[in-house]
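The values are calculated or read from the model by the stated rules, or taken from the named source; none is laboratory data. Being a predicted model, the structure only gives us computed values, none of them experimental. Using ideal geometry, Cβ is built from the backbone for each residue, glycine included, and neighbour counts are taken over all protein chains shown. Please note that ligands, DNA and RNA were not included when accessible areas were found on the heavy atoms of the full protein model with its side chains. Shrake-Rupley method; radii C 1.70, N 1.55, O 1.52, S 1.80 Å.
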Amino acid sequence: MTLPGTTSDAPDGLPAAQAGGPSVPGLSDPGLLRQAAWIGGVERPGKAWIEVRNPASGQVLGRVPDLGAEGALAAVAAAREALPAWRGRTAKERAVLLRGWFERVMTARSDLARLLTAEQGKPLAEAEGEIAYAAAFIEWFAEEARRAYGDVIPGHQADKRLLVLKQAVGVVAAVTPWNFPAAMVTRKVAPALAAGCTVVLKPSELTPFTALALARLGAEAGLPAGVFNVVTGAPEPIGEVLTGSPDVAKFTFTGSTAVGKRLAAACMGTVKRVSLELGGNAPFIVFDDADLEAAVDGVMASKFRNTGQTCVCANRIYVQSGIYEAFASAIAARAAALRPGDGLAGPTDQGPLINAAALAKVERHVADALEGGARVLTGARRLPGEGLFYAPTVLADVPSGALINREETFGPVAGLVRFTSEAEVLALANASRAGLAAYVFTRDGARTWRMSEGLETGMVGVNTGLISTEVAPFGGVKESGLGREGSRYGLEEYLETKMVCLSV
Ligand code: SIN
């Protein structure tokens, strides 16, 4: 199976699209990838276009329309029009269509993975993993669609019966980030569609192609026109429409805390339901009694997955004194062995940073830690070449007040902080306004409970560095967000609770 999705409407002199060919042009031919937006079940080219670059080479990969407010309004209108028929379908009918979408995504897995690596930079094996992860949300919510049960409550008076109905919220606007161009789309769109909502998706302008390909596969699977719309372009004008339109009932965003706060505030003008999955600053805590090998595996997976560009990745790494030196030398050896490189060019373990600003932030954090007295165990330098690569880095003896411990680095830098007692490390871990994920490595059962209950985060990994799955609730506390994604809790976010009081 090939991916649908190029437009023949080439903007200003771009090479013609591959007629009828796979929609991964730019990877297999010298032409540029270009895709129209997807609104109301048809392509929508733009008058202006935005360039998308491959971060591994710096080359322009292709272009997507910059649709602005006009495109966003058209997408909201399409979603609004499609809503009554979609929510009127039985849950089973919606489930069957979602299942078909899941199957198409899995069939196109390697094409999608190549597209994802080309626009986002992660190693191909990780991209394939992300496509499977993305598809798993569609599969899960296809099944969950049929379990949106309501309730019957014993009446408060002898002649009263109380019903609780679960109904689709309405039109959903979803804004998704560049670090997981597939999974963050399906983690929002699949539950929304399962619940009977229609969707306007604004993918990151840095990684729009995967989202567009997913929408086309959905259409191939039979999702009706207007049920899943993708509007591309610069964020501000589109965001203004999506947060301000009275036709949008629910707004869901994954991205930075600063932007999330602004968008949520804008949503209050029309009192929308809001879900936010925002920045983290995950503490990763290794106690003396930890299984050293498991802790090193855990930190490698958590810290260096996606080149450190995940909201849940280990950011502050606290290691107890007794295990500190052994842990530090083991992780430094493992990090030094990672192979950075273009994910499409050969076997690699680390991709580039997404853009120059991301690379500059990593350099700033490392410089600040070194000024504070940290020691370089490996890395701590930009790699030569056009791509935005930074050497996998391990720093020892990072002061706990360093920038790297106060802000999300979002890069391949592990900074180690030594601690002595459980009380001390719990206080350090909780001294942050972020509260997304935390990790604890210990073999003490009672401590596992104390730490799991004491950590102020939405998720805790115990003796594992990988916690993400479609079957568990994902989300944060404090300034890391509102609401949960994935699992049965993720469906609730797209359902309204309506009470009906019957006099019998
Ligand atoms: C994220 O970085 O926002 C998502 C990471 C995940 O789902 O594991």
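Points worth noting:
- Qualifying position, being open to solvent by less than 20 Å² (accessible area, probe 1.4 Å) and modelled with pLDDT of 95 or more, among A91, A82: A82
- V164 vs. criteria crowded, with 24+ Cβ neighbours inside 10 Å and outside any loop (DSSP other than H, G, I, E, B): no
- Screening L359, L263, L353, L276 for residues that are assigned to a helix (DSSP H, G or I), within 16 Å of the ligand (Cβ to nearest atom) and of a type outside the set (G, A, S) leaves exactly one candidate, L263.
- Residue pairs meeting the criteria (Cβ under 7 Å; at least 6 apart or on separate chains; first near the ligand (Cβ under 10 Å from one of its atoms), in segment 177-191; second in a loop (DSSP other than H, G, I, E, B)): P177/S204; P177/G255; N179/Q309; N179/T310; M184/T176; M184/P177; R187/G486
- Here segment 457-476 is the region considered, the condition is being part of a strand (DSSP E or B) and open to solvent by 30 Å² or more (accessible area, probe 1.4 Å), and the residue that is nearest to the ligand (Cβ to nearest atom) is V460.
- Of all residues making up segment 229-252, the number that are under 21 Å from V169 (Cα atoms), open to solvent by 10 Å² or more (accessible area, probe 1.4 Å) and among the hydrophobic types (A, V, I, L, M, F, W, C): 2
- Subset of segment 320-337 (residues that are under 16 Å from T393 (Cα atoms), touching a residue at least 60 places away in the same chain (Cβ under 8 Å) and open to solvent by 10 Å² or more (accessible area, probe 1.4 Å)): A332
- Those residues of segment 279-319 which are open to solvent by 10 Å² or more (accessible area, probe 1.4 Å), away from the ligand (no atom under 16 Å from the Cβ) and of a type outside the set (A, V, I, L, M), in sequence order: D288, D289, D291, E293, D297
- Scan of segment 197-235 for residues that are of a type outside the set (D, E, K, R), in contact (Cβ under 8 Å) with a residue 60 or more places away in the chain and assigned to a helix (DSSP H, G or I), ordered by number: P208, F209, T210, L212, A213, L214, A215, L217, G218, A219, P235
- Scanning segment 110-131 for residues that are open to solvent by 30 Å² or more (accessible area, probe 1.4 Å) and within 17 Å of the chain's Cα centre (by Cα) returns E126, E128, G129.
- When restricted to residues that are hydroxyl-bearing (S, T, Y) and open to solvent by less than 50 Å² (accessible area, probe 1.4 Å), segment 260-278 contains 1.
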